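Read-outs throughout are calculated quantities, based only on the coordinates presented, and are distinct from any laboratory measurement. Since this is a predicted model, take the numbers as computed values, not measurements. In this analysis, Cβ positions are derived from the backbone assuming ideal geometry, glycine residues included, and neighbour counts consider all displayed protein chains.
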């Protein structure tokens, strides 16, 4: 969905995405989006919380606030502050709606994770327990820390990390969008990226049922981001599909020759054809411009496999 060039090399992002209701819930209260800005691209996953349709509304309001605000990011240095401000604005809007006196939206909230990519670097912002991971160099690393009571117990040495997912209070959060008038947004530093690195965003419908080692096993396969996304979601469904499941997976492309190199190659082929024609040798049709050098146009569509972002 994006392209980054340095010297004679170019790298492109490939993206897979899917969201499923699961087998137990009546409604999918997860939401996700992708936003282009002059400085980079933002990928968002939000998981709504609340009865009736309140959770879906909270997640939708969070996504809508971010998709309106983030295109205003004009430069990379401004990105952290503007993402933080956008999340604080989303918190204000959801909080006001949840405390407006409407019984159906009372106490609603949402978790959210934002991945901002700008060339060979990425930034993470999150509130709640929607997660971001990086798969690089044969390892899987969680980039976010859950804002949950169980995570606090793990941090304090009162609970083993391996037992956190099965703890009775595993779903109890101590921070979320719209729960309190103000929210503390957690921002990472800039994360350097290399060709072949993969970034994973997900709601707890994935990480609450599929272990990190199982996620790692899936991401070790050599397949497209969409194929890997489908495998992850299918695995969560196989484990019962008790919650909504949302996954976005990005792969930072391996370096290859840039468009300039391809243009030079085309010119060389034309010269070869001229020489062949002058000597009476038959030559094939004109050398086509490789598909990888054509403009990348993102497409977001609903399908039988859920919401998919294709480039």
(Q) For a test of the definition: using alpha carbon positions, the gyration tensor, and the 1.5 limit on a/c, classify the range 125-178 as rounded, prolate or oblate. (A) oblate
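When 193, 201, 140 are ordered from fewest to most other Cβ atoms inside 10 Å of their Cβ, what list results?
So the ranking, lowest neighbour count to highest, is 140, 193, 201.
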Q: Summarise the long-distance tail of P(r) for the range 45-114 by giving the % of C-alpha pairs beyond 13 Å.
A: 61
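Given the range 175-255, report the % of alpha carbon pairs whose separation exceeds 19 Å.
Pairs farther apart than 19 Å: 49 percent.
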Q. Can you put 202, 34, 78 in order, fewest other beta carbons within 10 Å first?
A. 78, 34, 202
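What is the range 19-148's relative contact order, in percent, from Cα pairs under 8 angstrom and six or more apart in sequence?
Relative contact order, the range 19-148: 23 percent.
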Q: Return the FRET efficiency for the residue pair residue 237, residue 152: r is the Cβ-Cβ distance, R0 is 35 Å, and the value is rounded to the nearest 0.05.
A: 0.70
Q) With all pairs of different alpha carbon atoms counted, what Kirkwood hydrodynamic radius in Å does the range 95-138 show? A) 13.2
Q) With the Cα gyration tensor of the range 109-252 giving a ≥ b ≥ c as the square roots of its eigenvalues, does the rule (a/c under 1.5 for rounded; else a/b larger than b/c for prolate; else oblate) give rounded, prolate or oblate? A) oblate
Q: Answer rounded, prolate or oblate for the range 162-212, using the Cα gyration tensor with square roots of eigenvalues a ≥ b ≥ c: rounded when a/c is under 1.5, else prolate when a/b is larger than b/c, else oblate.
A: oblate
